[in-house]
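Reviewing the structure listed below.
The values are calculated or read from the model by the stated rules, or taken from the named source; none is laboratory data. Computed from a predicted structure; not experimentally measured. All Cβ positions, even for glycine, are placed from backbone atoms using ideal geometry, and neighbour counts span all protein chains on display.
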Amino acid sequence: MSNMKATLTLVPPPSINEPITDSFSYFDSYSRVLAKLPFTNIEHIADVLYDAYRQGRRVFLFGNGGSAALASHFACDLGKGATATGNPDRRFRVLSLTDNIPLMTAWANDTSYEQVFAEQLRNFVQEGDIVFGISASGSSPNVLLGLQIAREVGAVPIGLTGFKGGRMPEFCDHCIIIPSDNMQIIEDLQLSIAHALFTVIRHRITQETSQEKASIVCTAA
């Protein structure tokens, strides 16, 4: 891992090709990107996350800036929202690595900012866990290094990115690429995808809980 810092260099995202001059052109661009989302990949990642829930495997989320905010948001949805209609004794074991600011600054100060997620993962991640990195450019060194750690221990690296994916796909078993070169639209749709994943998984949890309750009633009868 000593060579990772040298190889994970930040690559600036491509320039925005389509000018957006008003709200109409913004949402027109948004709708065209929305229609091109990789829905099959999104559904597959919903399957992976749902399996992690059922098997009690842990989910680690992380990113920078707006992606850091989304990591916290998504962890809240999965950790709390997914329990609202499900089995209270079975919960998502989910953690956002962006929330412990003292710990992040300690690792950044004593090693480098590239290590702030990788070093946290080394404390916890195990084979079979989910490591979910979020980076709009797909080239954030600290996110890629976290995904690399997942690979090394046999965890499942998942990525959510935009533009053309940057370097993220090569570090992931599963990767959603939002086909846009507009950072704001990418971030809008990253949140939408996180909400879609959460909503689909919550529905499955609700169905499973209802079936379990019905089975108990039938057995008792």
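Structure data summary
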{"quantity": "Lone qualifier among 78, 103, 70, 121 - being part of a helix (DSSP H, G or I), on the phi < 0 side of the Ramachandran plot, in contact with an Asp or Glu (Cβ under 8 Å, 6 or more places away or on another chain) and of a type outside the set (S, T, N, Q)", "calculated": "70"}
{"quantity": "Residue satisfying condition, being modelled with pLDDT of 95 or more, more than 15 Å from residue 49 (Cβ to Cβ) and either among the aliphatic types (A, V, I, L, M) or part of a loop (DSSP other than H, G, I, E, B) (or both), within set 192, 180", "calculated": "180"}
{"quantity": "All positions within segment 137-174 that are surrounded by fewer than 20 Cβ atoms within 10 Å (Cβ to Cβ) and not in a helix (DSSP H, G or I)", "calculated": "154, 164, 173, 174"}
{"quantity": "Those residues of segment 51-67 which are part of a helix (DSSP H, G or I) and either surrounded by fewer than 19 Cβ atoms within 10 Å (Cβ to Cβ) or basic (Lys, Arg) (or both), in sequence order", "calculated": "51, 54, 55, 66"}
{"quantity": "Test: residue in segment 104-112 that is touching a residue at least 24 places away in the same chain (Cβ under 8 Å) and buried (at least 20 other Cβ atoms within 10 Å of the Cβ)", "calculated": "no"}
{"quantity": "Residue among 71, 118 that is closer than 16 Å to residue 191 by Cα and modelled with pLDDT of 95 or more", "calculated": "71"}
